[in-house]
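Peer 1: Before I ask anything, let me first share the structure, which is written out below as structure tokens.
The values are calculated or read from the model by the stated rules, or taken from the named source; none is laboratory data. Being a predicted model, the structure only gives us computed values, none of them experimental. Reconstructed Cβ throughout: ideal geometry from the backbone, glycine too, with neighbour counts over all protein chains shown. Keep in mind that these areas ignore ligands, DNA and RNA; they rest on the heavy atoms of the full protein, side chains included. Shrake-Rupley method; radii C 1.70, N 1.55, O 1.52, S 1.80 Å.
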Amino acid sequence: MAVTSFQPPIRCLLGPGPSDVHPRVLAAMARPTVGHLDPAFTEMMEQVKAMLREVFRTGNDLTIPVSGPGSVGMETCFVNLVEPGDTVIVCQNGAFGGRMKENVERCGGTAAMVVDDWGKPVDLGKVAATFKQHGPVKALAFVHAETSTGVQSDAAALCRMAQENGALTIVDTVTSLGGTPVLVDEWKADAVYSGSQKCLSCMPGLSPVTISPKAADVIQRRNRPIQSWFMDLNLVMGYWRGGGGSPRVYHHTAPINALYALHESLVMILEEGVENSWVRHARMHNALRDGLEAMGLGLLVEKPYRLPQLNTVTVPDGVAEAAVRTELLKRYSIEVGAGLGALAGKVWRVGLMGASATPANVTLFLAGLEDILSGMGAKIEKGAALPAAQKAFAA
Ligand SMILES: *Cc1c(COP(=O)(O)O)cnc(C)c1O
């Protein structure tokens, strides 16, 4: 077999993640590999922890990038906090809440489900009723930004409700971190995980996690050992803790070059300013929305719950959903996402995350979509989308 180097095509990544990785971040990853206990590297680790605290808006000492994708961050939170016999209230309003239920059950816990329709936020009244129906609840778990539907739920209110009921919180911020406000200390959230490849625009494979002192205490006082050796935070912290008295000890070989990349992407978001990044995501969303509406297309989610970084666009009647995505990729090198579950065939998921959230990308996407839809004979308003988007950029 004659193989040559793999040369990926250059894409414009406007799906549900990964997002475009900035050349600065790609360049950082190409720097020389050093040892995971090299003093130069461990100094960089401390900077990564400090920058993650700024992005998460927290003072939590236990704030680290877990080695693995967002799913490993999710599982880390569950396996460390949930013990056999625990009851966890799990909110499910899309694909990722279902995975939380799986995690609770695989930890030997009972998941008390609060189910809402895909496309709707978590219903606070139902969560309150579920707390009333159950005895002691160990934790409330919910997805802040549901990437499968483009909905944002009220994390501050959900965390408050958990605190009033003496429960911990496990919060998925994979798609929200860097794109919309994630305020870990203000919310008093306990176990929060994210991903590197959405609004942080780093390559996939790392999962920032932050744990409150209260939750860290619960983890240290567990009755039985954590069933996962790899994700046991008590062991992982032997490597990541640093400073203080005890020396760092080897747990697993850290993904050195991926961490250079995360470091660079965090430097970039702090250079921009985290608040400015939220504002940029909102502005790009407004322009995309105005362009789509001018074309005659609609968004699935009601206005107050829309995620700027993940737009669920309703497919017009009679349009072949998958064919449009194929043409976008073939002719414009643009990747967008398909609908999942109940939304399959009904929506496109258009991500404007991190480095992908630019006026150039919004413009290219609107122009490409208009071109493809009008070529298919779809009933759309022609020539209106770009002026509407331009107007929004100028606002
Ligand atoms: C992408 C995503 C995940 C999973 O992240 P991976 O890096 O794919 O494992 C979890 N939750 C949400 C809300 C996501 O969008």
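Peer 1: Just checking, how many residues over the range 260-273 are farther than 17 Å from Ser356 by Cβ and surrounded by fewer than 17 Cβ atoms within 10 Å (Cβ to Cβ)? Give the steps one after another, and end with the answer.
Peer 2: The initial filter retains those residues of the range 260-273 that are farther than 17 Å from Ser356 by Cβ, namely 260, 262-263, 266-267, 270-271, 273.
Among the residues that remain, those that are also surrounded by fewer than 17 Cβ atoms within 10 Å (Cβ to Cβ) are: 267, 270-271, 273.
Adding up the residues that qualify gives 4.
Peer 1: On the basis of being touching a residue at least 24 places away in the same chain (Cβ under 8 Å) and more than 28 Å from His22 (Cβ to Cβ), does Met376 make the cut?
Peer 2: yes
Peer 1: Looking at (1) in a helix (DSSP H, G or I); (2) at pLDDT below 95, which is the one condition that is false for Arg283?
Peer 2: Here Arg283 meets the rest and fails (2).
Peer 1: Out of the range 288-315, which residues are open to solvent by less than 10 Å² (accessible area, probe 1.4 Å) and in a helix (DSSP H, G or I)?
Peer 2: Leu288, Gly291, Leu292, Met295, listed by residue number.
Peer 1: Return yes or no: is Pro65 modelled with pLDDT of 95 or more, farther than 29 Å from Leu266 by Cα and in the same structural domain as Thr149 (by TED's automatic domain parsing)? It would help to see each step written out before you state the result.
Peer 2: Working: modelled with pLDDT of 95 or more: yes; farther than 29 Å from Leu266 by Cα: no; in the same structural domain as Thr149 (by TED's automatic domain parsing): yes.
Against the criterion (modelled with pLDDT of 95 or more, farther than 29 Å from Leu266 by Cα and in the same structural domain as Thr149 (by TED's automatic domain parsing)), Pro65 does not qualify.
Peer 1: Out of (1) surrounded by fewer than 17 Cβ atoms within 10 Å (Cβ to Cβ); (2) among the small types (Gly, Ala, Ser); (3) in contact with a strand residue (DSSP E or B) (Cβ under 9 Å, 6 or more places away or on another chain), what's the single condition that is false for Ala216?
Peer 2: Status for Ala216: all satisfied but (1).
Peer 1: Something else: Between residues in the range 181-197 that are at positive phi and residues that are within 16 Å of the ligand (Cβ to nearest atom), which pairs lie under 9 Å by C-beta distance while being six or more apart or on different chains?
Peer 2: Filtered contacts from the range 181-197: Lys188/Thr169.
Peer 1: Separate question: Hey, could you check the range 99-108 for residues that are under 22 Å from Thr210 (Cα atoms) and in contact with a strand residue (DSSP E or B) (Cβ under 7 Å, 6 or more places away or on another chain) and say which is nearest to the ligand (Cβ to nearest atom)?
Peer 2: So the residue we want is Met100.
Peer 1: Further, regarding this structure: Looking at Asn257 and the list (1) more than 16 Å from the ligand (Cβ to nearest atom); (2) open to solvent by 20 Å² or more (accessible area, probe 1.4 Å); (3) part of a loop (DSSP other than H, G, I, E, B), which single condition is not satisfied?
Peer 2: In the conditions (1) more than 16 Å from the ligand (Cβ to nearest atom); (2) open to solvent by 20 Å² or more (accessible area, probe 1.4 Å); (3) part of a loop (DSSP other than H, G, I, E, B), Asn257 misses (3) alone.
Peer 1: Consider only pairs whose beta carbons are under 7 Å apart and that are at least six residues apart or on different chains; among these, list those whose first residue lies in the range 28-40 and is more than 21 Å from Met268 (Cβ to Cβ) and whose second residue is part of a helix (DSSP H, G or I).
Peer 2: Once the first residue is more than 21 Å from Met268 (Cβ to Cβ) and sits in the range 28-40, its partners that are part of a helix (DSSP H, G or I) give Thr33/Ile256; Thr33/Asn257; Val34/Ala40; Val34/Phe41; Val34/Ile256; Gly35/Phe41; His36/Ile256.
Peer 1: Do you know which residues across the range 154-179 are within 11 Å of the ligand (Cβ to nearest atom) and surrounded by fewer than 24 Cβ atoms within 10 Å (Cβ to Cβ)?
Peer 2: None - no residue of the range 154-179 is within 11 Å of the ligand (Cβ to nearest atom) and surrounded by fewer than 24 Cβ atoms within 10 Å (Cβ to Cβ), so the list stays empty.
Peer 1: Report whether or not Ser196 is within 16 Å of the ligand (Cβ to nearest atom) and in a strand (DSSP E or B). Steps first, please.
Peer 2: Values: within 16 Å of the ligand (Cβ to nearest atom): yes; in a strand (DSSP E or B): no.
Answer is no for this residue.
Peer 1: Got at least one residue in the range 203-210 being within 16 Å of the ligand (Cβ to nearest atom) and either at positive phi or part of a helix (DSSP H, G or I) (or both)? Don't jump to the end; show me each part of the working.
Peer 2: Going through the range 203-210, the residues within 16 Å of the ligand (Cβ to nearest atom) turn out to be 203-210.
Okay, now just the ones that are also either at positive phi or part of a helix (DSSP H, G or I) (or both), so 205.
Yes.
Peer 1: Out of all the residues in the range 138-153, is one or more closer than 20 Å to Ala191 by Cβ, touching a residue at least 24 places away in the same chain (Cβ under 8 Å) and more than 23 Å from the chain's Cα centre (by Cα)?
Peer 2: Keep residues of the range 138-153 that are closer than 20 Å to Ala191 by Cβ, which gives 138-147, 152-153.
Next, from what is left, pick out any that are touching a residue at least 24 places away in the same chain (Cβ under 8 Å): 138-147, 152-153.
Okay, now just the ones that are also more than 23 Å from the chain's Cα centre (by Cα), so 138.
Yes, the range 138-153 contains a residue that is closer than 20 Å to Ala191 by Cβ, touching a residue at least 24 places away in the same chain (Cβ under 8 Å) and more than 23 Å from the chain's Cα centre (by Cα).
Peer 1: Give the residues of the range 10-68 that are among the hydrophobic types (A, V, I, L, M, F, W, C), crowded, with 21+ Cβ neighbours inside 10 Å and in a loop (DSSP other than H, G, I, E, B), sorted by residue number.
Peer 2: Residues satisfying the conditions are Leu14, Val21.
Peer 1: Right, next: Give me a count of the residues in the range 70-96 that are surrounded by fewer than 18 Cβ atoms within 10 Å (Cβ to Cβ), within 16 Å of the ligand (Cβ to nearest atom) and not in a helix (DSSP H, G or I).
Peer 2: Residues in the range 70-96 being surrounded by fewer than 18 Cβ atoms within 10 Å (Cβ to Cβ), within 16 Å of the ligand (Cβ to nearest atom) and not in a helix (DSSP H, G or I): 0 in total.
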